[in-house]
Amino acid sequence: MKTIGFVCEGPRDSDMLEAVIRHILNEDITPLYLQPEASLDGENGNGWKGVWTWCLKNGNTLDQYMQGAIPKIDMIIIQMDGDVFRKEREVHCACYADECAASGEVFPLNCKIEDCPVVIPCGQHEAGISGCVEYLQNLLLSYFPGQYIPVCLIPCDSTDAWIVAAFDDFEDSETIADPWNNIISKKKDYHGIRVPGHKKTKTVYDKFIPVVCQNWESVKNRCSQAAYFDHAISAVL
């Protein structure tokens, strides 16, 4: 049985990815939750900042990290939602290096400069999903020099887009901003599944995940990052 380490924004993301991997491989896996930690109160915190911080801390010592893990890790998956690209100035700090005195001196998440020069949307990237994915992948993978990370996943706008793609015939599922609030939990229920108070609880999410797996071919056709994920998992495992 393969052991897979998950570096994700949150537990609902790893829940989704675990289920999809089992569907792709048609076999069980042993998951290790590297980020966030199971208690959600680890030293890195959770969310996209936790993913970025984990990569910064472990990038240069990843080989030792994996060798010291029990059980031995066969593959690490890194996931950060694409909405970070359009919403968070910190990830664009490098784009404004010439305009910021703190550039290269302070890790963006620790920066306290009040007059930040970063403007979003940042116009220094290719437009659309491909530009978003390429930039965030390059940002995270830059912390792993010379090391092979087979899966660095940037679901757009988030993994929630895979739910929309599984239930609805939207060709542009990946372009929907905040699909959880704007589509899935906009009303009291989504395709008969009750979503109380916009809360993304495990109980609710676990009702959506089987439909994503059942309609995985449609999800891949509608979401480029789902197709990428399927190909990467199949190629490595």
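The values are calculated or read from the model by the stated rules, or taken from the named source; none is laboratory data. These numbers were taken from a predicted model, which means no experiment stands behind them. Don't worry about glycine lacking a Cβ; one is built from the backbone with ideal geometry, like all the others, and counts go over all protein chains shown.
Of the numbered criteria (1) of a type outside the set (A, V, I, L, M); (2) over 30 Å from ASN215 (Cβ atoms); (3) part of a loop (DSSP other than H, G, I, E, B), the one GLU90 fails is (3).
The strands (runs of 3 or more DSSP E) falling completely within region 2-80 include none with 3 or more residues that are on the phi > 0 side of the Ramachandran plot, among the charged types (D, E, K, R) and surrounded by 20 or more Cβ atoms within 10 Å (Cβ to Cβ). For region 99-121, the criterion of being under 22 Å from GLN225 (Cα atoms) and either in contact with a Ser or Thr (Cβ under 8 Å, 6 or more places away or on another chain) or in contact (Cβ under 8 Å) with a residue 12 or more places away in the chain (or both) is satisfied by at least one residue.
Checking every residue in region 123-144 against the condition of being of a type in the set (Asp, Glu), modelled with pLDDT of 90 or more and part of a loop (DSSP other than H, G, I, E, B) gives zero matches. Within region 69-90, the only residue that satisfies the criterion of being closer than 20 Å to ASN58 by Cβ and basic (Lys, Arg) is LYS72. Each residue in region 40-71 was checked for being of a type in the set (A, V, I, L, M), modelled with pLDDT under 95 and closer than 25 Å to GLN225 by Cβ, and 4 of them qualify. Within region 64-91, if we keep just the residues that are closer than 17 Å to CYS152 by Cα and of a type in the set (D, E, K, R), the residue that is nearest to the chain's Cα centre (by Cα) turns out to be ASP81.
Taking region 189-220 as the range and being surrounded by 14 or more Cβ atoms within 10 Å (Cβ to Cβ) and closer than 28 Å to ASP74 by Cα as the test, the residues that pass are TYR205, PHE208, ILE209, VAL211, VAL212, CYS213, ASN215, TRP216, VAL219, LYS220. Among residues belonging to region 72-113 that are under 27 Å from GLY5 (Cα atoms) and of a type in the set (S, T, N, Q), point out the one that is modelled with the highest pLDDT. Per the criteria, the residue is GLN79. Can you spot a residue in region 150-170 that is surrounded by fewer than 16 Cβ atoms within 10 Å (Cβ to Cβ), closer than 21 Å to ALA232 by Cβ and at pLDDT below 95? Checked against the condition, which is being surrounded by fewer than 16 Cβ atoms within 10 Å (Cβ to Cβ), closer than 21 Å to ALA232 by Cβ and at pLDDT below 95, region 150-170 yields at least one hit.
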